[in-house]
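The values are calculated or read from the model by the stated rules, or taken from the named source; none is laboratory data. Since this is a predicted model, take the numbers as computed values, not measurements. Cβ sites come from the backbone with ideal geometry, for glycine too, and all protein chains shown count toward neighbours. Just so you know, the surface numbers come from the protein's heavy atoms only, side chains and all, with ligands and any DNA or RNA stripped out. Shrake-Rupley method; radii C 1.70, N 1.55, O 1.52, S 1.80 Å.
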Amino acid sequence: GQFHLYAQPIQKADGSGYYEILTRMESEGEIITPDRFIPLIAQFNLSHRFDMCVMEKLLLWLRDHPATHAGVRFSVNLMPLTLMQKEVAIEICSLFERYGVAPQAVVIEITEEQAFSNSGCSINNIQQLRDYGFRIAIDDFGTGYANYERLRRLQADIIKIDGCFVHEIESDQLDAIIVKSIIEIARAKQLTVVAEYVETEAQKAMLLALGVDYLQGYLIGKPQPLSELKA
């Protein structure tokens with residue numbers, strides 16, 4: 001009961017979009033960021049329990065704040081060890097049925113490691129979630145496991161270009177070429193592209209010109225408590 005949900009906007013050029021759910025913990029009045037507590041959650045094998053708590057908190061909010069329109073409202077991260085649990089996809093689908101929330105309202109974000117995993121459990125869970133109606137996003141894309149051969153067989157709907165390719169995109173021609181290449185491959189596979197860590201108007205303009213669909217970062221909006229978000 002000591003962690004809180006925050007929401008950060010992910011928007012198109014026209015301002016429409018959805019939010020990514022982020023977590024913060026509170027201890028003795030201090031707000032603690034994920035870089036401090038997520039490693040401990042993984043270390044003590046609490047990933048599955050934590051992710052299910054986050055999902056259920058979000059579903060409570062969604063149940064109490066019905067949408068005025070259909071479509072994606074939030075994205076939620078699943079930690080790598082969570083998808084290694086054999087029945088986790090069934091568990092998530094059951095939660096959505098219990099709260100009466102359509103899977104189309106939520107994007108599930110996973111890491112490149114999970115997306116290209118050789119684990120039968122991870123692959124089966126991802127496929128079951130997609131079959132149920134969830135869209136799958138690959139977070140921090142381009143920094144680890146992705147290569148062109150793997151991209152050919154990628155089963156996902158959204159790729160989020162990591163901020164390391166965004167920070168210096170105005171001055172580093174190679175970053176611009178990499179981003180353009182990712183976007184072209186995404187187009188060929190009919191994937192949506194999100195650019196992360198957008199902080200300046202110049203970055204925004206360049207990314208939109210290259211063909212990015214959605215932008216996320218402090219320029220677009222900082223995380224705010226979910227409790228303060230208007231339905």
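Sequence-ordered 3J(HN,Hα) estimates for region 195-204 from the Karplus curve with 6.51, -1.76 and 1.60 and θ = phi - 60° stand at 9, 9, 6, 7, 10, 10, 5, 5, 4, 4 Hz, glycine and proline given as x. Taking the chain as a Gaussian network of alpha-carbon nodes connected by springs under 10 Å, the highest mean-square fluctuation of the residues Gly100, Gly217, Gly142 belongs to Gly100. Modelled this way, with points 7 Å down the Cα-to-C-beta line, the labels at Leu40 and Ser227 are 2.1 nm from one another. For region 85-157, the relative contact order is 37 percent, taking Cα pairs closer than 8 Å that sit 6 or more residues apart in sequence and dividing their mean separation by the residue count.
I want to make sure I understand the PRE zone here: with the label point 7 angstrom from the Cα of Ala102 toward its beta carbon, which residues in region 46-72 have backbone N atoms less than 14 Å away? From region 46-72, the list is 66-72.
Determine the shape class of region 38-91: with a ≥ b ≥ c the square roots of the Cα gyration tensor eigenvalues, call it rounded for a/c under 1.5, and otherwise prolate if a/b is greater than b/c, oblate otherwise. Let's see the in-between values first.
Numbers: a/c = 2.62, a/b = 2.12, b/c = 1.23.
Prolate.
Largest first, how would Ser27, Ser75 line up by accessible area (1.4 Å probe)? Numbers along the way, then the final one.
Numbers: Ser27 50, Ser75 0 Å².
Of Ser27, Ser75, the descending order of accessible area is Ser27, Ser75.
For region 94-231, what does the alpha-carbon gyration tensor say about shape, rounded, prolate or oblate, given a ≥ b ≥ c as the root eigenvalues, a/c under 1.5 as rounded, and a/b over b/c as prolate? Taking the square roots of the gyration eigenvalues as a ≥ b ≥ c, region 94-231 is oblate. Sequence-distant contacts, meaning Cα pairs under 8 Å at least 6 residues apart, place the relative contact order of the chain at 21 percent. Among the chymotrypsin sites (Phe, Trp or Tyr not before Pro) found in region 176-226, those both in a DSSP coil and sparsely packed, with 14 or fewer other Cβ atoms within 10 Å of their Cβ, are Tyr218.
Considering only the other residues whose Cβ falls under 10 Å of the Cβ of Ala89, what net charge follows from Lys and Arg at +1 and Asp and Glu at -1?
Values: positive: Lys86, Arg130; negative: Glu87, Glu91, Asp131.
So the environment of Ala89 carries a net charge of -1.
Prolate is the label for region 107-185, because a/c, from the alpha-carbon gyration tensor with a ≥ b ≥ c as root eigenvalues, is 1.5 or above and a/b exceeds b/c. Tell me, what is the percent relative contact order of region 42-140, built from C-alpha pairs under 8 Å that lie six or more residues apart? Once normalised by length, the contact order is 30 percent.
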